[in-house]
Amino acid sequence: MTMRPSRKGLLFLAAVAALLACNEKTTPIQKLLNDPASYDGKTVRIAGEVQQSAGALGFGAYEVKDETGTIPVVSKGGGAPTRGSRVGVEGTFRAAYTLGIRSGAVLVESRRFTR
C-alpha cells in the first residue's frame, strides 16, 4: 500500500517550516550600525517594519526599521515589499562608510520572510 500525503498534511508542514524560518535569531539594527567593521561582508538576519520601498523589473530597495534603528535593504530579485509590511530579512551586511559618529550601511537581501 502506497501512502499519499494529504493536502492538509502538506499545508501543516509548510506552515511549520515558515514559522521556524521566521523564528531564526535576528540582530538588532543598531548593533550592526554601531560596529559595522565587525559585520562587514557577513550574513546577518534582521526583522522589522518596511518604512519606504521602491522597485522595478524585479529589483527593489526598501528600509527596514526595528526598535533600535533603520537600515536600507537592496533586493536583486523579487522586488520590494510594500510599506508597513513586517519582514524578516537575511542578507550580506555591507558597511559603506563611517564619518565621525555616523555610519552608512546596506543589507543585500538573499532571503525574505513576510511576517
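The values are calculated or read from the model by the stated rules, or taken from the named source; none is laboratory data. All values reported here derive from a predicted model rather than from experimental measurement. Every residue, glycine among them, receives a Cβ derived from its backbone with ideal geometry; neighbour counts consider all protein chains shown.
Taken over segment 30-71, the residue count meeting the criterion of being of a type in the set (A, V, I, L, M, F, W, C), over 12 Å from Leu107 (Cα atoms) and free of Cβ contacts under 8 Å to residues at least 24 places away in the same chain is 3. If you take the residues of segment 23-48 that are touching a Gly at 6+ places or on another chain (Cβ under 8 Å) and surrounded by fewer than 14 Cβ atoms within 10 Å (Cβ to Cβ), which of them is modelled with the highest pLDDT? Residue satisfying both the conditions and the ranking: Thr43.
When Val73 is tested against (1) of a type outside the set (Gly, Ala, Ser); (2) modelled with pLDDT of 90 or more; (3) over 15 Å from Arg94 (Cβ atoms), just one condition goes unmet, and that condition is (3).
Residue-by-condition table, conditions (1) closer than 19 Å to Thr27 by Cβ; (2) part of a loop (DSSP other than H, G, I, E, B); (3) polar (S, T, N, Q):
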{"residue": "Val64", "(1), (2), (3)": "yes, no, no"}
{"residue": "Ala80", "(1), (2), (3)": "no, yes, no"}
{"residue": "Gly84", "(1), (2), (3)": "no, yes, no"}
{"residue": "Val89", "(1), (2), (3)": "yes, no, no"}
{"residue": "Tyr97", "(1), (2), (3)": "no, no, no"}
